[in-house]
Amino acid sequence: MPPQPAGPTPVRALAASDNFRRLWATGLIVFVVRWLEMIAFGVFTYAETNSAFIVAMVTMLRLLPMGLFGAFIGAWAERIERRTALILIVALLLAGETALAISAITGHLAVWQIALATFINGIGWAADNPVRRVMIGEAAGAERMNIAMSIDVGANNASRALGPTVGGALLAGIGIHGALILGSVLYIAALVVLLGLRQRNPPAIAHTARVWATIVEGVAFAWRDRKMAAILWVTVVYNLFGWPFTGMIPVIGRDSLGLGPQGVGILASMDGIGAFAGALAMARWSRPETFRAAYVGGCMVYLAAIAAFAVAPNFLLASTALFLTGFFGTGYTVMQATLIYRAAPPEMKSRLLGVLSVCIGLGPIGFLLLGTLAEAIGAPQATALCATAGVLVLALTHRIWRII
């Protein structure tokens, strides 16, 4: 019997899906703007206030909506048509970016406007897991979810290289209004991509179901299911002790390494370059038997590399440490949504990804701690201390996450 022709590889099958391509492209565009803003807003805020604490607080506001609204958004996402929701979210982001651009062009941009826009943008970020990434899972299928997430996270990571570099260059060459105008144009492009999306979904539950009831059910499931609780615990550690360091990159880059806006952008991009390389590795070699090692081990090495970055004496060593944060942090990032999507019952995926957003939204506590410590003992020392504490917490809670 002649050999049967091999079917398309998972990557080629995903690339052939118009719905997946549009969801992926939308994520890439929004990710680029997000990282462009994080550097531009951080540099602008530090230049205006000269306060590491305020920089940390402004960065924190991007995560705050996850903690406040993540569970509600997860429940809400089950009641609506997700394509419509995604279009409305991007339109909201476009409106905020355009308003900031107008303020900057007219010379009226203030830190409080940056803070407000960051919070609004955080609402869009909180909706990404229960809306766009659930749609990616539907487009890819559960058996290809890890590959789809590797590709999607790869886009995020590429944006972490591109966004800060472009943001720093625009700040140095034009000013913050250049970064904001580019952000507005990119959001318009995202809307154009989304308008061609054909994927639709019926609401998973009746509109008459109570929001609080669906939220409580999702939280209760996560609490009862030991594996789900373990996955979420690692997320909490990452966002309390690791993620807040991103707010300190402009501070450490300027004060410890003597860099200008463009140099800070290049420094921050090293995290994205490492993360992009990590995403390629995950897409090529990730297998179910390596998921726990990629998730927990990636988080632990990520934290250790943050501590190394904080105390690095020069640009080369700091860049190398940031490359490592990106490379190993990708294992955690790819597996985070993948593990929950695979472990969640079909009718509760949006709800549990909403609970995930709540756990991510605990990050503001970490930002508050890091910002306070940075004011007291300096940004490098505070960053190294928080990251080291995260490594110790993970090591001491092995009994919790070993069942992943």
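A few points about this structure:
- The phi-based Karplus calculation (6.51 cos²θ - 1.76 cosθ + 1.60; θ = phi - 60°) puts the 3J(HN,Hα) values of the range 321-330 at 5, 5, 4, 5, 4, x, 5, 7, x, 5 Hz, whole numbers, x for Gly and Pro.
- With a Förster radius of 41 Å applied to the C-beta separation of residue 198 and residue 320, the computed FRET efficiency comes to 0.40.
- Radius of gyration, Dmax [the range 64-115; alpha carbons; angstrom]: 14.7, 42
- Taking the range 273-358 and dividing mean pair separation by its residue count, relative contact order in percent (alpha carbons under 8 Å, at least six apart): 39
- √(5λ) per eigenvalue of the Cα gyration tensor, the chain, largest first, Å: 31, 25, 22
- Contact order, relative form, for the chain: 29 percent (alpha carbon pairs under 8 Å, 6 or more residues apart, mean separation divided by residue count).
- Couplings for the range 176-184, taken from phi via the Karplus curve 6.51 cos²θ - 1.76 cosθ + 1.60 with θ = phi - 60°, read 5, 5, x, 5, 6, 5, 4, x, 5 Hz in order; Gly and Pro are left as x.
- Considering only 317, 162, 15, the residue lying farthest towards the positive end of the dipole of the chain is 15, judged by Cα position with unit charges set on Cβ.
- The range 90-110-the range 19-68 distance, computed between alpha-carbon centres (Å): 14
- When the chain is described by a simple charge dipole with +1 on each Lys and Arg Cβ and -1 on each Asp and Glu Cβ, the residue from 41, 258, 285 located farthest towards its positive end is 285.
- With q set to 0.18, 0.20 Å⁻¹, the log10 of I(q)/I(0) for the range 99-257, from the Debye formula over equal scatterers at the Cα positions, is -1.48, -1.58.
- Per residue, the convex hull spanned by the Cα atoms of the range 279-371 measures out at 103 cubic angstrom.
- Basic side chains Lys and Arg get +1 at the Cβ, acidic Asp and Glu get -1 at the Cβ, and with that the dipole of the chain about its Cα centre reaches some 1060 debye.
- Coupling constants for the range 384-394 follow from the phi torsions by the Karplus curve (6.51 cos²θ - 1.76 cosθ + 1.60, θ = phi - 60°), and in residue order they are 5, 5, 5, 5, 5, 4, x, 4, 5, 4, 4 Hz; glycine and proline get x.
Read the figures in this text as sums done on the coordinates, not as results from a lab. Please read all numbers here as calculations on a predicted model, not as lab measurements. With ideal geometry, Cβ positions are generated from the backbone for all residues, glycine too; neighbour counts draw on all protein chains shown.
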